[in-house]
Amino acid sequence: MMFGAMLKSYYAQKEGIDPKDIVVVSVMPCVAKKYEISRPEFEVDGLRDVDYVITTREFAAMVKFASINFNFLPDEEFDAPFAHANSGSGVIFGVTGGVMEAAIRTVAEKLIGHELDSVEFRQARGPKGSKEISVNAGEITVKGLVVSGVGNAKEVLEVIKQNKGVSKYHFIEIMGCPGGCIMGGGQPIYDSVVREHVDVFKLRSQVLYKADEAAPIRKSHENPDVKALYEDFLVEPNSHKAHKYLHTSYASKGRFGKMK
Ligand code: SF4
């Protein structure tokens with residue numbers, strides 16, 4: 001969603017395009033996003049952040065239907081102004097704990113005031129539905145909680161509610177699907193034979209962690225595109241503009257939220 005908002009604002013301004021003429025199509029591992037894009041919380045100035053969502057499974061079916069063999073396609077750079085979309089921190093967003101690990105890389109380094117010895121925070125990794133992470137960063141111990149699966153999320157939210165919104169954690173990451181987006185409902189389906197012999201979570205998460213290891217940029221705050229975005233458009237983290245385009249809040253829609 002945030003990416004769509006940036007395309008219809010930052011990119012549109014940079015390229016002199018009327019944002020109304022931009023159609024954003026997101027390829028997602030998530031069936032829920034098809035509904036989510038219609039929520040008013042994902043609109044800025046009357047424009048939807050994302051216009052269409054196709055799942056990775058639908059995308060794979062289209063690729064097959066068109067007889068395109070990805071193995072024979074040459075690698076290409078991503079388009080500007082987000083050519084560094086594959087920073088290590090960006091890549092691991094797909095797995096439970098990935099958003100936490102990416103955030104800790106930046107937060108810990110900013111608090112310590114010098115480069116981290118290691119950017120890998122393994123407490124945040126693995127398939128467990130609930131994981132605590134605690135990182136000493138100078139005078140502060142940063143505490144986080146990583147949760148995946150709706151049942152686990154409900155439990156955590158109940159505890160926070162009972163504590164009147166107070167939590168001992170600085171940051172809580174919640175992903176709806178057990179294991180995170182790599183196990184999302186829009187991902188390619190595997191049959192019971194594969195399920196029996198292959199640890200799909202392990203396989204998919206290893207792919208992301210390997211891509212992170214190999215990435216020339218592993219921290220979000222070192223991504224030149226992110227830096228340029230703040231310098232040229234958002235001004236600084238937490239600015240009014242950053243809130244307008246990147247943050248949102250939710251109001252309950254009841255069990256069957258109305259689609260626009
Ligand atoms: S964790 Fe699941 S529900 Fe949440 S965004 Fe990823 S695929 Fe969608």
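The values are calculated or read from the model by the stated rules, or taken from the named source; none is laboratory data. All values reported here derive from a predicted model rather than from experimental measurement. Note that each Cβ is placed from the backbone with ideal geometry, even for glycine, and that neighbours are counted across all protein chains shown. All accessible areas refer to the heavy atoms of the entire protein, side chains included, with ligands and DNA or RNA removed. Shrake-Rupley method; radii C 1.70, N 1.55, O 1.52, S 1.80 Å.
Could you work out the local net charge near residue 94, counting Lys and Arg as +1, Asp and Glu as -1, over the other residues with Cβ closer than 11 Å to its Cβ?
Charge balance in the 11 Å sphere: 0.
Top mean-square fluctuation among 57, 125, 195, Gaussian network model of the chain, C-alpha springs under 10 Å?
Greatest mean-square fluctuation among the candidates belongs to 195.
Determine the calculated [θ] at 222 nm for the chain from helices alone, applying -39500 (n - 2.57) to every DSSP H run no shorter than 4 residues and normalising by the residue count; nearest 500 deg cm²/dmol.
Counting only the DSSP helices, I get -9500 deg cm²/dmol.
Find which of 103, 166, 246 sits farthest along the positive direction of the dipole of the chain, computed with +1 on the beta-carbon of Lys and Arg, -1 on that of Asp and Glu, about the Cα centre.
The residue sitting most towards the positive pole is 166.
Which GluC sites (Glu not before Pro) in the range 128-161 pass both tests, a DSSP loop state and at most 13 other beta-carbon atoms within 10 Å?
Details: sites: 132, 139, 155, 158; in loops: 139.
Passing both the DSSP loop test and the Cβ count: 139.
Roughly how big is the chain's charge dipole about its Cα centre, with Cβ charges of +1 (Lys, Arg) and -1 (Asp, Glu), in debye to the nearest 20?
In debye, rounded to 20, the chain gives about 1240.
For the range 85-222, which whole-number percentage of the solvent-accessible area (1.4 Å probe, protein heavy atoms only) is attributable to carbon and sulfur atoms?
The computed percentage sits at 57.
About the Cα centre of the range 110-260, how large is the charge dipole given +1 on each Lys and Arg Cβ and -1 on each Asp and Glu Cβ? Please answer in debye to the nearest 20.
840
With a 10 Å cut-off between alpha carbons and a GNM built on the chain, which of 13, 187, 162 moves the most?
Maximum fluctuation in the GNM of the chain, among the listed residues, is at 162.
Using a/c under 1.5 as the rounded threshold, could you call the range 1-76 rounded, prolate or oblate? The axes a ≥ b ≥ c are square roots of the C-alpha gyration tensor eigenvalues, and prolate needs a/b larger than b/c, oblate otherwise.
Oblate is the answer for the range 1-76, as a/c is 1.5 or above yet b/c matches or exceeds a/b.
Here are some pairs, 128/168; 131/154; 131/168; 128/154; 14/241; 128/219; which of them have Cα atoms lying more than 18 Å apart in this structure?
Working: 128/168 20 Å; 131/154 15 Å; 131/168 14 Å; 128/154 15 Å; 14/241 16 Å; 128/219 24 Å.
From 128/168; 131/154; 131/168; 128/154; 14/241; 128/219, over 18 Å: 128/168; 128/219.
Just the number, please: carbon plus sulfur as a percent of the accessible area of the range 5-54, 1.4 Å probe, no ligands or DNA/RNA counted.
53
Distance from the Cα centre of the range 173-240 to that of the range 27-90, in angstrom?
13
Just flag the chymotrypsin sites (Phe, Trp or Tyr not before Pro) in the range 50-135 sitting in loop per DSSP whose Cβ has no more than 15 other Cβ atoms within 10 Å. Before the final figure, lay out the partial values.
Numbers: sites: 52, 59, 65, 70, 72, 78, 82, 93, 121; in loops: 78, 82, 121.
Listed in order of number, the matching sites are 78.
Restricting the count to DSSP beta bridges whose residues both fall in the range 85-222, what percent are antiparallel, rounded to a multiple of 5?
60
Antiparallel versus total DSSP beta bridges in the chain: what percent is that, nearest 5?
55
With a/c under 1.5 counting as rounded, go ahead and sort the range 85-222 into rounded, prolate or oblate using the C-alpha gyration tensor (a ≥ b ≥ c being the square roots of the eigenvalues; past the cut-off, prolate if a/b is larger than b/c, else oblate).
Oblate.
When ligands, DNA and RNA are left out and all protein chains stay put, how many square angstrom of accessible area per residue does the chain have with a 1.4 Å probe?
Values: 16280 Å² over 260 residues.
Averaged over the residues of the chain, the accessible area is 63 Å².
With a ≥ b ≥ c taken as the square roots of the eigenvalues of the C-alpha gyration tensor of the chain, please select rounded if a/c is under 1.5 and otherwise prolate if a/b is larger than b/c or oblate if it is not?
Rounded, since a/c falls under 1.5.
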